[in-house]
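What follows draws every value from the coordinates through simple rules; no lab data is involved. Everything numeric here is computed off the predicted structure, so don't read it as measured data. No Cβ is skipped: glycine too gets one built from the backbone with ideal geometry, and neighbour counts run over all protein chains shown.
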Amino acid sequence: MTARTSKQDRGIERQRAILDAAVSILLTGRMSAVTHRSVADKAGVPPAAIRYYYSTREDLLSAALDTIESARHFAAQNAASPSGQATIDSTVTRLLHTYLGSTLDDVTIAATIGWIADAPRESDRLAAELAEVWKDIESDVAHTLIACGYSASWAGLCAHIIDGSILAAVAGGRENLANYASAPLHEFLKLAKTNAQD
């Protein structure tokens with residue numbers, strides 16, 4: 001029984017290492033960089049181990065995207081938890097964490113925009129999964145807006161402000177990507193608050 005448990009534990013650890021490697025590659029590069037060979041190298045496992053746990057590259061990408069989305073959703077739940085009077089600046093920060101997750105460095109943000117753009121081209125299955133993620137993101141943005149004293153009806157617009165401004169910044173080769181989303185989001189929230197008071 002101990003040998004079996006130990007073998008099962010090693011299998012779980014190996015599968016986790018493979019998934020962690022795929023997520024790491026996805027969050028630092030493009031979707032095209034996630035290959036069985038690159039994941040095996042990063043995870044320190046033979047390439048055949050990848051196919052043992054994930055029969056196709058699409059299965060591996062799906063699991064990696066699910067892991068990324070789970071982490072983003074966890075950050076969104078934290079961002080939507082009540083924390084006293086929210087300022088426009090704190091609301092912007094909370095919305096960025098809701099939309100992008102807890103890590104707001106340029107490499108992760110650029111890679112996130114990359115896999116968002118790549119997923120629909122990769123396969124119909126990944127495109128459908130991404131469509132579901134978008135619904136979840138918009139719902140999470142709505143919850144964060146409510147927690148910060150804003151209308152949930154602005155969730156879609158706030159999400160588009162974030163993704164559009166980051167996409168433009170990435171395409172323009174800019175740095176400090178979170179700041180490029182912060183400025184227009186800040187202006188929108190300022191206008192929204194002013195209009196709500198009128």
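Points worth noting:
- Restricting region 157-198 to residues that are touching a residue at least 60 places away in the same chain (Cβ under 8 Å) and outside any helix (DSSP H, G or I), the residue that is nearest to ALA86 (Cα to Cα): ASN176
- If the condition is being farther than 13 Å from VAL107 by Cα and surrounded by 15 or more Cβ atoms within 10 Å (Cβ to Cβ), then region 15-31 contributes GLN15, ALA17, ILE18, LEU19, ASP20, ALA21, ALA22, VAL23, MET31.
Yes/no per residue for (1) assigned to a helix (DSSP H, G or I); (2) touching a residue at least 40 places away in the same chain (Cβ under 8 Å); (3) out of contact with any Ser or Thr (no Cβ under 9 Å at 6 or more places or on another chain):
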residue	(1), (2), (3)
ASP41	yes, no, yes
ALA49	yes, no, yes
GLU69	yes, yes, yes
ALA76	yes, yes, no
ALA86	no, yes, yes
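- Residues of region 78-99 satisfying the condition of being surrounded by fewer than 17 Cβ atoms within 10 Å (Cβ to Cβ) and touching a Cys at 6+ places or on another chain (Cβ under 8 Å): SER90
- Output for region 144-162, where each listed residue is within 17 Å of the chain's Cα centre (by Cα) and buried (at least 18 other Cβ atoms within 10 Å of the Cβ): THR144, ALA155, CYS158, ALA159, ILE161, ILE162
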